[in-house]
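Novice: Sharing a structure with you now.
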Amino acid sequence: MGLFNRRAPHAELPPVVLAALELAKGERVLSFGVDDNTGAFVVATTYSLAVVSLAAVTADIVPASAKTSSAETSSAETSTAETPTAARTLRRRWLSVDAGAWEPETATLTVTWAEGGRGAQWSFRDQETQLPETLRERVQASVVIATRLTLGDRRSGRVAIRQDFATRELISQTILGRYTRADDPEVQAHVRAALAHLRDQVGLPA
């Protein structure tokens, strides 16, 4: 793993990783794992799914005695040390996560995003992590109400009202199937009608 060993059960995040998360007020870490391929920390919090990547910075260490004895310090009197630094490379609100799939044989977690595009994948072999369970619970909890669209000709989709856990705001969301075009007037009409019904159910204006 380089800078940090594989995590053991009930391990805590290294302070440098926790600091890089920049947690919001009231936000807590629920679970995490260390990706086998990159060494990055994949972290599930109460508000979001985040990834923190690590790097090592090499610095010269000059003994205090050498600093006071002479302005010219030989290389033999210095040593180097690697200091870990961390940067948050991903942060997605739970309402931006469409779904997650766990493959137990390879300990691989695959995540797809509500807005589409390329998903993410991480592996956690030989680790005890609650990430798959946490992801499932957080995604399901963010869905206030939802319904499926069946449009024929292999066209499908879902509309939902989901909650931003940080702000408590309710947000409308549409996810269309791969054979469903967003610019199709029939699809647009079905989406509008379905969203209007869901918004009415939760007391939001149409």
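Novice: Filtering segment 101-120 down to residues that are assigned to a strand (DSSP E or B) and among the hydroxyl-bearing types (Ser, Thr, Tyr), which residue is farthest from the chain's Cα centre (by Cα)?
Specialist: Taking segment 101-120 as the starting set, the residues that turn out to be assigned to a strand (DSSP E or B) are 101-103, 108-113, 120.
Applying the additional criterion that residues be among the hydroxyl-bearing types (Ser, Thr, Tyr) yields 108, 110, 112.
Working: THR108: 15, THR110: 11, THR112: 11 Å.
Only one residue tops the list, namely THR108.
Novice: I'd like to check something: does segment 114-125 contain any residue that is assigned by TED's automatic domain parsing to the domain that holds VAL42, within 26 Å of LEU13 (Cβ to Cβ) and in contact with a Lys or Arg (Cβ under 8 Å, 6 or more places away or on another chain)?
Specialist: Filtering segment 114-125 for residues assigned by TED's automatic domain parsing to the domain that holds VAL42 gives 114-125.
Among the residues that remain, those that are also within 26 Å of LEU13 (Cβ to Cβ) are: 119-125.
If we keep only those that are in contact with a Lys or Arg (Cβ under 8 Å, 6 or more places away or on another chain) as well, we get none.
No - not one qualifying residue is present in segment 114-125.
Novice: Is there any pair linking a residue in segment 13-27 that is of a type in the set (Gly, Ala, Ser) to one that is part of a loop (DSSP other than H, G, I, E, B), with Cβ under 9 Å and at least six apart or on different chains, and which?
Specialist: Sorted first by the residue in segment 13-27, then by its partner, the pairs are ALA24/TYR47; ALA24/ALA166; GLY26/THR46; GLY26/TYR47; GLY26/ALA166.
Novice: Only one residue in ARG168, ARG148, ARG158 is basic (Lys, Arg), under 16 Å from LEU95 (Cα atoms), without any contact (Cβ under 8 Å) to a residue 24 or more places away in the chain and surrounded by fewer than 14 Cβ atoms within 10 Å (Cβ to Cβ), so which one is that?
Specialist: Values: ARG148 fails: under 16 Å from LEU95 (Cα atoms); ARG158 fails: surrounded by fewer than 14 Cβ atoms within 10 Å (Cβ to Cβ).
So the residue among ARG168, ARG148, ARG158 that is basic (Lys, Arg), under 16 Å from LEU95 (Cα atoms), without any contact (Cβ under 8 Å) to a residue 24 or more places away in the chain and surrounded by fewer than 14 Cβ atoms within 10 Å (Cβ to Cβ) is ARG168.
Novice: Among the residues of segment 138-159, are any at pLDDT 95 or above, of a type in the set (D, E, K, R) and over 23 Å from GLY117 (Cα atoms)?
Specialist: Within segment 138-159 (the criterion being at pLDDT 95 or above, of a type in the set (D, E, K, R) and over 23 Å from GLY117 (Cα atoms)), the answer is no, since none of the residues qualifies.
Novice: Test ASP36 against the criterion of being part of a loop (DSSP other than H, G, I, E, B), at pLDDT 95 or above and either more than 15 Å from the chain's Cα centre (by Cα) or not assigned by TED's automatic domain parsing to the domain that holds HIS190 (or both), and give yes or no. Break it down into steps so the answer makes sense when it comes.
Specialist: Details: part of a loop (DSSP other than H, G, I, E, B): yes; at pLDDT 95 or above: yes; either more than 15 Å from the chain's Cα centre (by Cα) or not assigned by TED's automatic domain parsing to the domain that holds HIS190 (or both): yes.
Spelling it out, ASP36 is indeed part of a loop (DSSP other than H, G, I, E, B), at pLDDT 95 or above and either more than 15 Å from the chain's Cα centre (by Cα) or not assigned by TED's automatic domain parsing to the domain that holds HIS190 (or both).
Novice: Quick check: anything in segment 60-75 at pLDDT 55 or above, surrounded by 14 or more Cβ atoms within 10 Å (Cβ to Cβ) and in the same structural domain as TRP122 (by TED's automatic domain parsing)?
Specialist: No.
Novice: Go through segment 160-206 and give me each residue that's touching a strand residue (DSSP E or B) at 6+ places or on another chain (Cβ under 7 Å), of a type in the set (A, V, I, L, M), assigned to a helix (DSSP H, G or I) and within 28 Å of SER48 (Cα to Cα).
Specialist: VAL191, ALA194, LEU195, LEU198
Novice: Any idea which residue in segment 76-105 is modelled with the lowest pLDDT, counting only those that are loosely packed, with under 12 Cβ neighbours inside 10 Å and of a type in the set (Val, Ile, Thr)?
Specialist: Out of the qualifying residues, it is THR80.
Novice: Out of the residues in segment 106-125 that are within 21 Å of VAL17 (Cα to Cα) and of a type outside the set (A, V, I, L, M, F, W, C), state the one that is surrounded by the most Cβ atoms within 10 Å (Cβ to Cβ). Even if it seems obvious, please write down each step before you answer.
Specialist: Here is the first cut: in segment 106-125, the residues within 21 Å of VAL17 (Cα to Cα) are 109, 120-125.
Keeping just the survivors that are of a type outside the set (A, V, I, L, M, F, W, C) gives 121, 123, 125.
On the way: GLN121: 14, SER123: 17, ARG125: 9.
Applying the filter and picking the extreme gives SER123.
Novice: Has segment 131-143 got any residue that is more than 14 Å from the chain's Cα centre (by Cα) and among the hydrophobic types (A, V, I, L, M, F, W, C)?
Specialist: yes
The values are calculated or read from the model by the stated rules, or taken from the named source; none is laboratory data. Predicted model only: the values in this text are computed from it and were never measured. Because the Cβ atoms are built from the backbone with ideal geometry, glycine has one as well, and the counts that use them run over all protein chains shown.
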